[in-house]
Structures are given as C-alpha cells and as structure tokens.
Amino acid sequence: MRIDKEQLKEHNQQGLAEHQRLFGFLAESLDKKGVDVNQVMHQLHQLQVAIPSWALGAGGTRFGRFAMGGEPGTLEQKIDDIGMLKALTQATSSVSLHIPWDIPSNAEAIKNQATELGIKFDAVNSNTFQDQQDQSHSYKFGSLADNDCMVREQAINHNLEVIKYGEILGSKSITVWLADGASFPGQNNFKRAFRNTESSLHKIYEGLPVDWKMLIEYKPYEPNFYSTVIQDWGTSLMLAESCGEQAYTLVDLGHHLPNTNIEQIVATLIMRGRLGGFHFNDSKYGDDDLTCGSIKPYQLFLICSEIIGGMQDNDSGNPALEWMIDASHNLKDPLEDLIQSLEAIRVAYAQALIVDREALYEAQMSKDVSRCQEILQDAYRTDLRPLLAEVRRLNGGALNPMDSYRKMDVREKLITERGKNVVATGL
Ligand code: LRH
Ligand code: MN
C-alpha cells in the first residue's frame, strides 16, 4: 500500500489557514528571541530516525500478544509500511534490520524497492539471544561470553554473516546487543565472562569494513536477572575502546535502572568521542519499550539538549549519531505508535535547538541556578508543533500525520490487503 499524495495535499489544504496562523505567530515570537527559524527547520529536517524492522507488528510480552490485523508478513511489506511513515512524517528514511528475523530473500529486489521509496538500510542487528532451527550450539547460557569456545565461535560467525548482509544492502554499522549474563549468584565468573566477550568482539571487529561502525548496546538486566555482561555504559565504553576507533556505545533509553541520569551518560560519551547512537523509547519501570516521550518527555528533551550542546562543543570528534527507535507495540497500532514516537523525538530535538546556550553558559558561570532552569524550561515550554508541521509540509509530508493516517483508513486497508491474523517477525 502507498500513501496517496493527492489525498495528502487535500488534507493539508483543509488545515492550511489555521496552520499558517499558528506557524506565523510562532516564527515571529522565535525571531524576536533571536532564534534562526530557518536554521532550526533545516536541522530538524536533517533529523531522520531509523525504524526498527521488528516493531512494525504487534509486540507481545510473556503474558501474551494481541494481533493487530494487517501486519506486514514479509520484509517487502515492512519496507512498504516504512515508506508510508516517510510519506506522512518526512522524519524517517531508513530501516534497521534484525537478522535472522528479516533476512532478505532477494537482496537486490529489496534494495530496489527501498530505493524507490527513498529508504536506506541503517544499522543491522545480530541476534545471539535466540536459538535458530538446526543451530549446532545453544545460546541458552550465553553467546560471545559463553565458557564454551564453540558457542563463542558460532556467535562470532553469526555477527560476521550479519555484516555481510549489511554490506549487500548498503548498511554502515552493526549493533551488537548481548543477553549474556547470569540469573543467579555464582552462575558466572564476571572476569572470564567479560574477557570472553572482549576477545569475541575483537574477532568481529576484525571483520568490520573500514567505513563501518560497531555499536555496542548495554542493558542492566532481562532476560538475565542477576547480572548482564555488558550491563552499563562504562562496560560498553571499555569494550569499545578495547576494540578500536570504529567501535562506539549505543544508548537504549530503556536500558537504565530507575532514575539513572541518562543525559549525563550521553554528555560523557560524547566528551569521550564514543557515542554511536540511540535506541529511542520510553519506560516507567524497566525495558518497557513504550512510545518515545509518552512517560518522561522532559528527560527526552534534556537528552537532546546534551546531544546538541555536546556536538556543538565536539572537541573529541564524536561522529554523527545514529538515531533509531526501538519499541514494542502491545496495545497501539504500530504505525500510529511510530508516528507518535517520531513526533516526540522531533519535538524534544526542536526544543533543544532553541535553548539559548550563550545565556545558559553565562548563568552557569555566574552560578545563577534559577536562571539556568528558566532558560532550559523556556525552551521546553515552547510549543513548537507548528514548526514541525511546517517542516513536514515543505518536504511533502502531512501537516498532521496521525489525522491523515486515520482519514485514509490505512489500517483497515492493510487488514483487507493482508488479513487479520498475519504475524510480523520480531519481538
Ligand atoms: C534488547 C533490545 C536490542 C534488540 C532487541 C530487539 O532489549 O533493545 O536492541 O536487539 O531489543
Ligand atoms: Mn535496543
């Protein structure tokens, strides 16, 4: 299914007068504050967030999964769905594949389909947290960290194979997330588990093309509930620096213990030149994989503010960041959930772009604590949605993607096309 451009224009036409009134007022007030509105709009359009191939169907928990209807049953249909998100939001133009969930049956054909829709292939993700049919060695007790060198070798070869798929599709990075760890004290030797992981990552790193990145994702717990080998940012950073220049830390927002100051971790990793990218989502308790900005929008803003501040003062030469969503849609229509996440990330980023950083520096240096908060919250409390809508409109998107998605009855049409009980591969 494709988004009907003419219908989109009609929708935009219906809302144009009100939009121009709101945007005009906002642009004027921002201009008065010395904000370069065109520059902000340009930077906003540059912000393209990759869609995870595993989050286009209904996710589930161990307690159950409720089919959504019209889910993409093939990689081709997933690419089509991302094409619709791009057409509506103009905020995404790439997909992050998970192997083996999304092995392309015909790589050339998939590449052509994606190119036709203006979609590129972002980071590829390896999977050594599930056993596949006819697999020689189980990952039940670990993969790159496992005590058994045969298991480690199998996991290393899988990652090298994933890089091969990525090369064919034009990806430039691999994300390695390990479930490896222990659920009981005494089950693992922490040092040996770390050293096994380190030497295994070195072998994968040797197979990394010169223009690629290795993104090492950390997580404190789940599916292991006592220890995880790559449990936190410090461990991931140690491994990245041990591997070499092309290895970086990936920050999944849901992979932090409650009340962790994630924006400080982000500032520290940029300061070290080792922040590779993000898996954006939100959470109340654990790795809940909820819609971005649905629980802690202020934290999302503070994280974006540290990204902009850090990259503006990038004395460690941190490379451009990889922006991806990693969420699981148990209750909402996955495409609506992704539209909301893309909007939440752009709202937070736009608010962070209008922070008066000179005034903030002066207030910090003069220890004017109240003023520091006033400067940050002035940006956070500015409703920039008309500016986001204008960026979409100027780039051929919908003034109101959610509204157009519903008016176009996309989900109903997908159910008619694909049926009610198709199950998308993924979590
Ligand atoms: C682990 C994780 C990782 C993916 C998986 C789908 O929790 O965040 O990024 O491989 O989710
Ligand atoms: Mn993740």
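The values are calculated or read from the model by the stated rules, or taken from the named source; none is laboratory data. This structure is a prediction, so every number in the text was calculated from the model and none was measured. Neighbour counts run over all protein chains shown; Cβ positions are idealised from the backbone, glycine included. These accessible areas exclude ligands, DNA and RNA; they are computed on the full protein's heavy atoms, side chains included. Shrake-Rupley method; radii C 1.70, N 1.55, O 1.52, S 1.80 Å.
Per atom type, the chain shows carbon and sulfur on 52% of its accessible surface, probed at 1.4 Å.
A crude spin-label estimate for the pair residue 106 and residue 36, with each label 7 Å from Cα along the Cβ direction, gives 4.7 nm.
For the pair residue 331 and residue 187, what calculated FRET efficiency results from E = 1/(1 + (r/R0)^6), where r is the Cβ-Cβ distance and R0 = 25 Å, to the nearest 0.05?
Values: r = 35 Å, r/R0 = 1.39.
According to the calculation, E is roughly 0.10.
Put a plus charge on the Cβ of each Lys and Arg, a minus charge on the Cβ of each Asp and Glu, and nothing anywhere else: the dipole of the chain about its Cα centre is then about 340 debye. Using R₀ = 45 Å, calculate the FRET efficiency as 1/(1 + (r/R₀)^6) where r is the Cβ-Cβ separation of residue 18 and residue 129; round to 0.05. That gives a FRET efficiency of 0.40.
Evaluate the charge dipole of the stretch 16-103 about its Cα centre and quote only its size in Debye, nearest 20, assuming +1 on the Cβ of each Lys and Arg and -1 on the Cβ of each Asp and Glu. Walk me through the intermediate numbers first.
Working: 7 positive and 9 negative charges, 56 e Å.
Result for the stretch 16-103 is approximately 260 debye, rounded to the nearest 20.
Placing +1 on the Cβ of each Lys and Arg and -1 on the Cβ of each Asp and Glu in the stretch 356-411, which of 375, 399, 386 has its Cα farthest towards the positive end of the resulting dipole? Going by the Cα projections, it comes out as 399.
The residues of the chain have, on average, 45 Å² of accessible surface per residue, using a 1.4 Å probe with all protein chains present. Applying 0.36 nm per residue to the separation of residue 161 and residue 272 and subtracting their alpha-carbon distance, the gain on full extension is 37.0 nm.
Length gain on complete extension for the stretch residue 295 to residue 407, per 0.36 nm per residue less the alpha carbon to alpha carbon distance? Display every interim value, and only then the final one.
Values: separation 112, 0.36 × 112 = 40.32 nm, distance 2.72 nm.
Between residue 295 and residue 407, full extension yields an extra 37.6 nm.
Net length available on complete extension from residue 358 to residue 210 is 49.5 nm, with 0.36 nm assigned per residue and the Cα-Cα distance removed. Convex hull of alpha carbon positions in the stretch 291-427: directionally averaged projected area 11.2 nm². Rounded to whole numbers, the Karplus 3J(HN,Hα) couplings from phi for the stretch 376-382 are 5, 6, 4, 5, 5, 8, 8 Hz, using 6.51 cos²θ - 1.76 cosθ + 1.60 with θ = phi - 60°, and x at Gly and Pro. By the gyration tensor of its Cα atoms, with a ≥ b ≥ c the square roots of the eigenvalues, what is the shape of the chain: rounded for a/c under 1.5, prolate for a/b over b/c, or oblate? The shape class here is oblate.
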